[in-house]
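For reference, the structure discussed in these notes is given below.
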Amino acid sequence: MSKKKSSEAYQKTFAFRFFRWFGGEKDPYLGELEMQPQDEYHVSEEAILRREKEHDAIMDKVYDAQHNKGLHLFHSLYEITSVLFCLFLIALLLVTVSYLPAVGTVTRPVNNEVAKRYIENGLEETGAVNIVAGMILDYRAFDTLGESHVLFVATITVLILLRLNKGQEDQNDRIFEPKNDAILQLVATFLVPIIIIFGIYIILNGHLGPGGGFSGGAVIGAGLVLYLNAFGFAKTERFFTEKTYKWVCFFSLSFYCLAKSYSFYTGANQLHSIIPKGTPGAILSSGLILPLNIAVGLVVACTIYAFYAMFRKGGF
Amino acid sequence: MTAFQIILMGLLIVCAVSVSFSKNLLNSILIYMSFSLVMSMLWICLESPDLAITEAAVGAGITSVLFFVTLKKIHAIEAVKEEKQAEGKTEEENHE
């Protein structure tokens with residue numbers, strides 16, 4: 001039940017005045033306060049000179065090391081105290097280190113049931129020959145998801161800081177640079193395909209050998225940066241624009257979230273997962289690890305390229 | 001620990017100290033790159049090739065490239081031509 005007020009009664013309420021003030025329709029001080037322009041601040045030349053002279057005199061008095069005994073004492077005390085403080089810090093750190101468990105003892109906190117379980121049941125439970133990949137993308141997939149998002153957030157922050165607006169394109173330092181360096185272009189023609197193929201190999205082989213999404217993505221990103229340096233933005237913009245970055249990151253991250261949500265849900269509720277484990281050692285094996293590696297690799301490669309492009313050009 | 005690993009460790013310390021004592025920022029970055037390369041070799045010696053690949057790609061490659069770009073952006077590295085011109089100018093000023 002709302003009580004209707006007449007418009008006159010409403011105009012007397014606080015809310016009406018507040019919203020009128022908030023909307024900027026009426027300045028509450030206008031007509032009620034007397035306003036005067038400020039007097040300009042004048043300083044005579046004599047005053048400035050006098051002040052400078054006083055300042056110099058004080059400085060001479062304070063920093064005259066031969067006659068100022070307090071300063072002399074302070075300097076020697078300062079040096080002694082800094083050395084003592086450094087020694088104290090070193091001693092503190094050394095004492096702390098001595099409390100750490102010795103290297104290689106059985107009772108170290110590292111040697112607990114978690115590591116044992118990873119090593120003994122890792123191959124069976126994740127299907128990945130590379131135990132590290134199984135750990136990163138299966139047992140601790142939630143951490144890796146967080147890492148991918150940290151990268152994404154970092155790119156967004158760099159975008160906020162370095163992005164040039166539409167009118168500022170003349171500040172783009174790329175315009176004033178020499179292009180088409182023949183040596184660099186020849187080297188890049190040979191190297192870039194090899195680097196990118198090596199990166200793809202690292203990603204696709206992540207569950208079988210050393211490597212994985214992050215390292216492979218970094219290698220591909222480095223290849224893209226080399227290509228960009230050799231051939232300029234006009235060539236790379238044919239296949240990589242801001243839109244590409246947005247959609248690749250969106251699809252990869254959301255695929256990662258959905259796939260891992262499914263596997264967490266089935267794992268926590270003891271349900272049967274429909275994702276096959278495959279035979280360990282085959283390229284199509286180890287369940288979700290291969291697609292997750294691809295997703296992480298895409299995000300990392302795009303992020304590294306985007307970092308570089310934004311540092312150079314203030315955009316993609 | 002083999003002799004090779006000890007040599008690598010020594011190189012690491014030399015690199016780390018010389019990064020902080022180098023006056024030229026460009027040299028610092030190059031030494032830092034070599035630090036990452038030595039580190040990635042050490043990772044292989046410690047039987048973690050995963051980390052070695054990542055260290056080589058990120059530490060030696062991308063971080064240094066981003067450092068170069070940042071130094072260029074804040075005009076800490078000038079192009080060679082500009083440097084020569086600036087030197088020529090200062091010499092002329094001295095002569096005058």
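General remarks:
- Choice from A:Val158, A:Val150, A:Val43 with maximal GNM fluctuation in chain A (Cα, 10 Å cutoff): A:Val43
- Pairwise centroid distance, computed over Cα atoms, of region A:204-266 with region A:270-316, Å: 7
- Oblate is the label for region A:1-127. Its Cα gyration tensor axes, ordered a ≥ b ≥ c, give a/c of at least 1.5 and b/c at or above a/b.
- Shape of chain A, Cα gyration tensor, a/c cut at 1.5: prolate
- Against chain A, whose longest principal axis comes from its Cα atoms, helix A:289-313 is set at around 30 degrees.
- Across A:Lys246/A:Lys313; A:Lys4/A:Lys26; A:Lys5/A:Lys26; A:Lys116/A:Lys260; A:Lys69/B:Lys23; A:Lys235/B:Lys23, pairs whose alpha-carbon gap is larger than 27 Å: A:Lys69/B:Lys23; A:Lys235/B:Lys23
- Cα gyration tensor shape of region A:45-98, rounded if a/c is under 1.5, else prolate or oblate by comparing a/b with b/c: oblate
- Simple Cβ-charge dipole of the protein assembly as shown, Lys/Arg +1 and Asp/Glu -1, about Cα centre, in debye nearest 20: 1920
- Once each of the GluC sites (Glu not before Pro) sitting in a DSSP loop with at most 12 other beta-carbon atoms within 10 Å is removed, chain A keeps A:41-316 as its longest stretch.
- The protein assembly as shown, helix-only ellipticity at 222 nm - DSSP H runs n ≥ 4, -39,500 (n - 2.57), divided by all residues, nearest 500: -22000 deg cm²/dmol
- Per-residue Cβ neighbour rank within 10 angstrom, fewest leading, A:Arg312, A:Arg17: A:Arg17, A:Arg312
- Peptide A:213-222 shows a mean partner chain C-beta count of 5 within 10 Å per residue C-beta.
- Scoring B:64-70, A:10-16, A:140-146 by mean Cβ neighbours within 10 Å over their residues and listing the highest first yields B:64-70, A:140-146, A:10-16.
- Sorting B:Cys15, B:Cys45, A:Cys86, A:Cys249 by the number of Cβ atoms found within 10 Å of their own Cβ, with the fewest placed first, yields A:Cys86, B:Cys45, B:Cys15, A:Cys249.
- A simple spin-label model places pseudo-atoms 7 Å from Cα toward Cβ; at A:Lys243 and B:Ser48 they are separated by 4.3 nm.
- In terms of surrounding Cβ atoms within a 10 Å radius of their Cβ, A:Cys257, A:Cys302 rank from fewest to most as A:Cys257, A:Cys302.
Read-outs: derived from the displayed coordinates by stated rules, not from any lab. Just so it is clear, the structure is predicted and the values come from calculations on it, not from any experiment. Virtual Cβ from ideal backbone geometry, glycine too; neighbours counted across all protein chains shown.
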